[in-house]
Number of protein chains: 2
Amino acid sequence: MEHLNRRRFMKSAALAAAALAARRSIAAGDSTAWSSDWAAQSVIDTRRSPFTKLHGVPVRAVTLHDGFWQARRVVNMEKSLPTMHALLEEHGRMNNFRRLMGTSTAKQIGPYYSDSDVYKWAEAASWAEQSDTGLFRADIDAIVKLLEGVQEPNGYLNTYFQDDRKPQRMTDHAQIVGHELYNLGHLMQASVAQYRATGDRRMLDCCMKFVDGFLFPGFGREASKRPIVSGHPEIEMGLIELYRVTGEKRYLDLAGYILEGDSRIPLTPDDIVYLFSGAPFTGRTRLEGHAVRVMYACSGATDYYLETGDAKYLATLTTLWNDLVRAQMYVTGGVGARRRHEAFGDDFELPNLTAYGESCAAIGNMMWNWRMLHATADPRHADVMERALYNGINSGMSLSGTMYCYRNPLAFDPTASGPIRNPWYDTTCCPPNLQRTLAQLPGYFYSTDHDGLYVHMFHNSTLDWKLESGVPVKVEQTTDYPWEGHVRIVVTPREAAKFALRVRVPGWAKTVRMTMNGAEIPGMSAGKYIEQARLWKPGDVVEMELGMEPQMLVADRRVAEDQGKVAVQRGALVYCAESIDQAGNIAPRELRVNADAKFAIKRDKDLLGGVTVLEQTGERLSEKSSADALYTAMSGSSAGVAAVRLIPYYAWANREPAEMAVWLDTAADKS
Amino acid sequence: MEHLNRRRFMKSAALAAAALAARRSIAAGDSTAWSSDWAAQSVIDTRRSPFTKLHGVPVRAVTLHDGFWQARRVVNMEKSLPTMHALLEEHGRMNNFRRLMGTSTAKQIGPYYSDSDVYKWAEAASWAEQSDTGLFRADIDAIVKLLEGVQEPNGYLNTYFQDDRKPQRMTDHAQIVGHELYNLGHLMQASVAQYRATGDRRMLDCCMKFVDGFLFPGFGREASKRPIVSGHPEIEMGLIELYRVTGEKRYLDLAGYILEGDSRIPLTPDDIVYLFSGAPFTGRTRLEGHAVRVMYACSGATDYYLETGDAKYLATLTTLWNDLVRAQMYVTGGVGARRRHEAFGDDFELPNLTAYGESCAAIGNMMWNWRMLHATADPRHADVMERALYNGINSGMSLSGTMYCYRNPLAFDPTASGPIRNPWYDTTCCPPNLQRTLAQLPGYFYSTDHDGLYVHMFHNSTLDWKLESGVPVKVEQTTDYPWEGHVRIVVTPREAAKFALRVRVPGWAKTVRMTMNGAEIPGMSAGKYIEQARLWKPGDVVEMELGMEPQMLVADRRVAEDQGKVAVQRGALVYCAESIDQAGNIAPRELRVNADAKFAIKRDKDLLGGVTVLEQTGERLSEKSSADALYTAMSGSSAGVAAVRLIPYYAWANREPAEMAVWLDTAADKS
């Protein structure tokens, strides 16, 4: 696997060179030349966005070498994407298209948003194509042919509402129209990914045909047209990325119309909460309703701000972001506390056992914060991205790459619940969403601005890109992050050049040291980008040493379930206890962490694909009571010594079913 | 106050004698003589119910003497009822009637169920009249005149939908019709209470006129009539009690129709959950939706079972009751975990800080269990009643009798919440509901069956009633319950008689001794009625000694917020910690109870009207962290010794605002 992997990166490097050549052929800012600079476009392409502070680098410009994420990405390419493609076939998602083309006699299957499963897989595979070309090209091409085969002359494309269900098309605003647009939004994201991978614009053409041929003539804010609502936000991001690719402002304006809502649509107040759409986005004051909808709406609204600079949007986004980090986000970066409506709860309503924390919502959280980082260059957004990525997103895919969490709770009792990981869900949003996140991951490591370069994330890797001044630059990172806190960054501009390198010091770091060519940089502090503005010469070295002492986190006193408890975090990783790691299989709810004792830090190469575990001597509180009543008299208790062993949260539920908890009771030395 | 109080009980005793005389004039079972046996009727009158195991005794047959409840009842009569009457006037609730009579120019005020506020007060005052005659007679009479002045010739009566809002009458099934029937249900309960206090049937006549004149002609299951739904269950209980008073089976049948629901009414699945009505009661499988609606529906359905013996009802009620006690009831007897929709949560969803626990829902819990006790004679129902009454209901009214909790949470943070006790709520359901519960309390102490007498509850008191054999009997209880566990019961039949006395041993008792005329009764155990079937002679004495050692209760491991915590209970009382009782004002969330240490039991006559407090040396865990973020690194912790002082839960929030918690972290001796 490792060998195969390296060969792929050779191919990747070759493609990156081709991309660079393609990019050079484009006059920056030439919006009419939209179809030719595909290889220079990042996950979101803000190079022409007037109100961004950052510009991304293409996925292909960053090559991850062996390490934490690369192991996951190899599994993603070799296991997750192929098996998910087979499952989509098996569950009839492609036959839904073939039926309309007359090449399959299968019946339409799956919910009315099932086409989006195919689009999300195509998007994931397309991002993967940037790093690992050729593996999925035939499959993607087959999907493109399905789209072309099914799209109606007027541009409409949705297998559920073609043929006999045509009369139901665009008839139910909150759900059906919402999901027709949701499907289209995912098609747009897939199209953009495919375009940025290969320059192939056939899927983009399908999208434009749908919007220009079907939506614009019939739908919009004009009195002569029917109103539309983004019942499941997603199309906003899609439309704005389509605008970024094409330069056609009508797509941006349509996104703006959708973000405003249209009062002609009769939505109840409950709808407007649940859908997080249908009313002006700028009237929102808190995160509420369906968490994935909320995160996608916020992402789209941030994209809209980046293009328009509308200050009301930034003000609303800031209010909502403060609600996120002060009252609504799990320590894992997961969001959406409630199973009912897959929704945000009240402020500080963050239960652990019943936490919903849908994988897609954590991914949406990362997507939103990536856009907010563009809008503000505030490193707190990178901190939230990192928290979500390493924990509440990463937990969503098994180490094998073929089993997925839909929910990502912070405590688990296997006797009270079905399996938490499954290979397939009938609403299979999370698996391809996890796949696209891993596939596009290199695109989140760096940004440029006119002054220089930002380093957001850490991994053995090579950046091969250029400064905005035009000077080509390579950056080599050597690190064992997130297991260790040392990061060596070698900066090699093609020629000596003045620019600023800004290295992110994560907010969690209690200590940090940084050197510039061996000389200590003074004034270090965490939660900042440390800027070195200088004349950079090839081979200049920045080294960073982050303190990796495990930390015990306590929650705001309004988080009821976490009181008297701690969550243990080391570096970017949140830890948890699984009963199977404890001597005697002690349930985490009986364990107590000694708040005054240090953890031993032990690397275990053979455990869970290689993890660092944390161990200490804590307590076990054993309560004797009969089990068959809601409340029973404790007939006695005893506290004994217990060896506490913690594993990274992302790796939970990869062995036999076990009880799990992130938040653990504490004991303390007597003072 | 004590002196005045005694004079009242002299009056009460005189009335009890009159009642007995009235009762004797009635041939038992003569349903045509329904208007003349009023003085013998209890809170619910099951004397002619074919499927009851118990028959109540009238409120007036039991005189409570000095003690725990009598202190509350004196405050209820002297403070709560008079001040609530004044508040109802001040907030225009009586003027709503006068407006329609032309004697007030005030505008209609309050929500469309505001008439029920007046009815609930009238009911409370009527029950009080049985123990303390004369105080409220004029006010009740004035209310009767309002009803008579406003009722339309066709029987309709609802100040909100008379006059200009007449076209909206009975137009919105789920809410408006539901609450028109809800109001009528409370009018029925008030009418029954007034009738049982005085024999005055004017209010009953209003109810019958409404049902016979307005409802029956237009509404019902027949195709020619419009369907109705009990959108807020309450009328079921009212109709069945009207049936019990009048013997007119059409009222029972109407209750049965309403309990079945009527599929002609277009209700959504969410409505059917929330309203806990509109679909067949016997199709319910769990407690869900609005908690007060659920408890009232279950109460009405149990009444229906007591009259019809329909086994499907008892099966459903048993299923729901098991859900209550295994998964949905707070340790205080409160129910309804969620603020949203004032609803039951999922099984084991029992948060403390955000617990809703509406006072009315706890009262509904007691009402339902009183009816279940009639259906089954199972002492577990009396245990639930006691738990709710002493804790989650009793907490609803301040010691002053003029401030009320609408919510009864199990933890509280005054900095994050408005005042928990208020003198008035615009939906002022809880205050008069608490008042009626205290006013009718003596009616819950005893029952008879054909074999003899049941003793359900304990208080200094005198029962002056008769066995079903006809033999008059007096029972004197002497006890300091719930503060102490000794109860002396002197039984004095007018002449020696063979019958069974069944004394309830509460389920919480860890030890119990009982003697019969000084001789130990063998085979004692808790959670049973201990039966003494013998020839009873005047002055025979049963004494019971219940162990009153404080108990630490633990919750089922699926109750997430209570893990690692204990609730302390002594006898019937659940305890809590308020920060103002702790040295240094330590917040309860920082306290740890030593699970292996005993509590010192200290009577404090001057505290909170006289309570027994529990004290022990526990721990304080102090966590040092910055306060302004959702998750912060604990920079150190220390555990010190802390004097833990607990007060009864019912007495919380009667001093300055303080943090409070029922469930407390535990420490344990090292084994």
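The values are calculated or read from the model by the stated rules, or taken from the named source; none is laboratory data. Given the structure is predicted, the values throughout are model-derived calculations rather than measurements. Because the Cβ atoms are built from the backbone with ideal geometry, glycine has one as well, and the counts that use them run over all protein chains shown. Side chains are part of the model used for accessible areas, which takes the heavy atoms of the whole protein and leaves out ligands, DNA and RNA. Shrake-Rupley method; radii C 1.70, N 1.55, O 1.52, S 1.80 Å.
Annotations
Each row is one residue, and each column tells you yes or no for (1) away from every other protein chain (no Cβ under 14 Å); (2) under 30 Å from A:Thr332 (Cα atoms).
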site: A:Arg504; (1), (2): yes, yes
site: A:Pro522; (1), (2): yes, no
site: A:Glu531; (1), (2): yes, yes
site: A:Arg534; (1), (2): yes, no
site: A:Lys537; (1), (2): yes, no
site: A:Asp540; (1), (2): yes, no
site: A:Glu549; (1), (2): no, yes
site: A:Leu553; (1), (2): no, yes
site: A:Asp556; (1), (2): no, yes
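- Here the condition is being assigned to a loop (DSSP other than H, G, I, E, B) and modelled with pLDDT of 95 or more; of B:Arg286, B:Arg293, it holds for B:Arg286 alone.
- Among the residues of the range B:93-118, those that are surrounded by fewer than 21 Cβ atoms within 10 Å (Cβ to Cβ), of a type in the set (A, V, I, L, M) and at pLDDT 95 or above comprise B:Leu100, B:Met101.
- Top-ranked residue of the range A:558-574 - restricted to ones that are within 10 Å of another protein chain (Cβ to nearest Cβ) and of a type in the set (Lys, Arg), ranked as most open to solvent (accessible area, probe 1.4 Å): A:Arg558
- Residues that are out of contact with any strand residue (DSSP E or B) (no Cβ under 6 Å at 6 or more places or on another chain), within 14 Å of chain A (Cβ to nearest Cβ) and open to solvent by 10 Å² or more (accessible area, probe 1.4 Å), drawn from the range B:408-455: B:Asp413, B:Pro414, B:Thr415, B:Ala416, B:Ser417
- Whichever residue in the range B:575-607 is open to solvent by less than 20 Å² (accessible area, probe 1.4 Å) and within 15 Å of B:Ala653 (Cα to Cα) and, among such residues, is nearest to the other protein chains (Cβ to nearest Cβ): B:Ala587
- Residue within the range A:370-379 that is open to solvent by 10 Å² or more (accessible area, probe 1.4 Å) and closer than 18 Å to A:Gly334 by Cβ present: no
- Strands (runs of 3 or more DSSP E) contained entirely in the range B:591-671, each with at least 3 residues that are modelled with pLDDT of 95 or more: B:600-604, B:611-624, B:636-648
- Considering the range A:567-590, the residues that are of a type in the set (Val, Ile, Thr) and at pLDDT 95 or above include one that is farthest from B:Arg589 (Cα to Cα), namely A:Ile580.
- Residues of the range A:324-374 that turn out to be among the polar types (S, T, N, Q), assigned to a loop (DSSP other than H, G, I, E, B) and in contact (Cβ under 8 Å) with a residue 60 or more places away in the chain, as a count: 2
- If you go through the range B:263-288 and keep only what is within 20 Å of B:Asp323 (Cβ to Cβ) and β-branched (Val, Ile, Thr), you end up with B:Ile272, B:Val273, B:Thr282, B:Thr285.
- Looking only at residues in the range A:74-92 that are within 20 Å of the chain's Cα centre (by Cα) and either surrounded by 23 or more Cβ atoms within 10 Å (Cβ to Cβ) or β-branched (Val, Ile, Thr) (or both), the one that is nearest to A:Met403 (Cα to Cα) is A:Ser80.
- If you check B:Gln194, B:Gln151 for being more than 24 Å from the chain's Cα centre (by Cα) and not charged (D, E, K, R), only one passes: B:Gln151.
- If you go through the range A:221-244 and keep only what is farther than 18 Å from A:Arg293 by Cα and either at pLDDT below 95 or open to solvent by 30 Å² or more (accessible area, probe 1.4 Å) (or both), you end up with A:Arg221, A:Glu222, A:Ala223, A:Ser224, A:Lys225, A:Arg226, A:Pro227, A:Tyr243.
- Hey, B:Glu545 acidic (Asp, Glu), open to solvent by less than 20 Å² (accessible area, probe 1.4 Å), touching a residue at least 60 places away in the same chain (Cβ under 8 Å) and at negative phi or not: no
- Test result for B:Gly518, over 28 Å from the mean Cα position of the chain (by Cα) and not charged (D, E, K, R): yes
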